[in-house]
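For reference, the structure discussed in these notes is given below.
We did not get these values from a lab; they are worked out from the coordinates using the rules stated. Values in this document were obtained by computation on a predicted structure and should not be read as measured data. Cβ placement follows ideal geometry from the backbone for every residue including glycine, while neighbour counts extend to all protein chains displayed.
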Amino acid sequence: MTTHILMVDDEPDAQDLFRQNFRREIRKGVYSFEFAQSGREALEVIKTKSPVLVLSDINMPGMSGIELLSELHSLWPELPVLMISAYGDAGTEARVRALGAERLVAKPVDFAGLKDVLEKIAGDAP
């Protein structure tokens, strides 16, 4: 079964980076990705695409990743969310976990480690 993931990042290069690093898994049908470049766009995508989990950057213009996380947690409390940030300090991790995130992923992303995390979360999904 394919795990549908929504990746939210205002940087256009993020799409290519994730597609490149997950190319084998995408080809095999393990994962499929939807991409949004803002928190508002992500909320619209979720309504129509129903992802199994969300990966979101924290620092974005307009609705920040933190604001998106709060909104997601209030609307879909069971939806797993991983936050991504170049500022992966303990305070930021504690803050996003308190708001309902599964974890904080540091930039630059360790894709091998991220794949392990996604595999575990996908295995726990209903």
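For the range 39-52, check the following and say yes or no: at least one residue is among the aliphatic types (A, V, I, L, M), touching a strand residue (DSSP E or B) at 6+ places or on another chain (Cβ under 9 Å), within 16 Å of residue 121 (Cβ to Cβ) and in contact (Cβ under 8 Å) with a residue 40 or more places away in the chain. Lay out the reasoning, then the answer.
From the range 39-52, those among the aliphatic types (A, V, I, L, M) are 42-43, 45-46, 52; that's our starting set.
Filter again for touching a strand residue (DSSP E or B) at 6+ places or on another chain (Cβ under 9 Å), leaving 42-43, 45-46, 52.
After this cut, where a residue has to be within 16 Å of residue 121 (Cβ to Cβ) as well, the list is 52.
Filter once more, so that each one left must be in contact (Cβ under 8 Å) with a residue 40 or more places away in the chain: 52.
Yes.
Would it be correct to say that residue 19 is touching a strand residue (DSSP E or B) at 6+ places or on another chain (Cβ under 9 Å), free of Cβ contacts under 8 Å to residues at least 12 places away in the same chain and either assigned to a loop (DSSP other than H, G, I, E, B) or of a type outside the set (S, T, N, Q) (or both)?
Spelling it out, it is not the case that residue 19 is touching a strand residue (DSSP E or B) at 6+ places or on another chain (Cβ under 9 Å), free of Cβ contacts under 8 Å to residues at least 12 places away in the same chain and either assigned to a loop (DSSP other than H, G, I, E, B) or of a type outside the set (S, T, N, Q) (or both).
Would you point out the residue of the range 1-16, among those that are touching a residue at least 24 places away in the same chain (Cβ under 8 Å) and of a type outside the set (A, V, I, L, M, F, W, C), that is farthest from residue 41 (Cα to Cα)? Spell out how you get there, then give the answer.
Within the range 1-16, the subset touching a residue at least 24 places away in the same chain (Cβ under 8 Å) is 2-12, 14.
Still in the running and of a type outside the set (A, V, I, L, M, F, W, C): 2-4, 9-12.
Details: 2: 22, 3: 20, 4: 16, 9: 10, 10: 10, 11: 14, 12: 14 Å.
The selected residue is 2.
Might you check whether a residue that is in contact with a Ser or Thr (Cβ under 6 Å, 6 or more places away or on another chain) and not hydroxyl-bearing (Ser, Thr, Tyr) occurs anywhere in the range 9-18?
No.
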